[in-house]
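Values quoted throughout were computed directly from the atomic coordinates according to the rules given, and no laboratory measurement underlies them. Please read these numbers as outputs of a predicted model, since none were measured by experiment. We place every Cβ from the backbone using ideal geometry, glycine too, and count neighbours over all the protein chains shown.
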């Protein structure tokens, strides 16, 4: 037919055929993604985390590669070498709109993170300190302190604020060591006690204030818990969608143990 001899029409028909052939080839021989053991090793060495196994790392690398290729295919970057930007953009596009979590869901999440939202114990105290036991004077120092003599007239300089302002137990453990910290927290407030040995010296202590540790009130941590919950659910949904996209590729992952 004369119409089929038109150059423009021939070009359009050829284009349609090429697209059809490409789709047929892609269906028969899908694009390949290879994640190597060396890639997994590099990530494992960089993050230094015992709670993430090699299979999880490999799956993460696979998802990033799928996101990158799909993002480039969708035109999210004029320059495909901007890998991290493409990955972030497509993850953002895939994020679902989620309802606000309920208090029950957030309390359950908090149960999974018990130490993260506990307030550590806190203490403040006055002290008379010496570099070592041989330096302690007078011999009846504790009796003198309990009798009401000015504590500032005794002791030698050590690197410890006096009085020590309210300090969390975890901080005091770093300063004096856990054994000394535990001993001081067990002291009766308002009464001179000691001596207590630490890696900074020997200390006679009068506890001024002591606040027991415990869970932070739920209302104070609810916004943070809600943000964590929403991110977890969003990440789970995005990962599910990316795993579906990965089905369009021929995926090769490293064997277990390598």
* To do: Run through the DSSP bridge list for the chain and note the antiparallel percent, rounded to the nearest 5.
  => 85
* **Globularity ratio of region 121-212, using Cα Rg and 2.2 N^0.38 Å** => 0.98
* Where labels lie 7 Å past Cα in the beta-carbon direction, separation of residue 84 and residue 132 in nm -> 5.2
* Asked: Please state the relative contact order of the chain as a whole percent: Cα pairs under 8 Å, 6+ residues apart?
  -> 28
* Asked: Which whole-number percentage describes the relative contact order of region 121-212, with Cα contacts under 8 Å and a sequence gap of 6 or more?
  -> 45
* Asked: Which value, in Å³ per residue, describes the convex hull spanned by the Cα atoms of region 126-170?
  -> 98
* Structure fact -> Here the Cα Rg-to-2.2 N^0.38 Å ratio for region 62-150 is 2.53
* For residue 93 and residue 188, calculate 0.36 nm times their separation in residues minus their Cα-Cα distance, and state this gained length in nm to one decimal. => 28.3 nm
* Asked: Out of 124, 193, 153, any idea which swings most in a Gaussian network model of the chain, alpha carbons joined below 10 Å?
  -> 153
* Structure fact -> Cα-based Debye curve of region 42-99 sampled at q = 0.14, 0.23, 0.31 Å⁻¹ gives log₁₀ I(q)/I(0) of -0.49, -0.89, -1.13
* Structure fact -> Ranked by GNM mean-square fluctuation in the chain (Cα springs under 10 Å), the top entry among 173, 32, 45 is 45
* **Residue order, fewest to most beta carbons within 10 Å, for 109, 90** => 109, 90
* the chain: angle of helix 83-94 to the longest principal axis, Cα-based, in degrees nearest 10 -> 90
* Structure fact -> Residue-normalised 222 nm signal for the chain, counting each DSSP H run of n ≥ 4 as -39,500 (n - 2.57), nearest 500 deg cm²/dmol, is -15500 deg cm²/dmol
* To do: Rounded to the nearest 10 degrees, what's the angle between the helix 37-47 long axis and the longest principal axis of the chain, both from Cα atoms, 0 to 90?
  => 30
* **Cα→Cβ-extended label distance, 7 Å offset, between residue 103 and residue 158, nm** => 4.7
* Asked: Where does helix 54-73 land angle-wise versus the long Cα axis of the chain, in degrees 0 to 90, nearest 10?
  -> 50
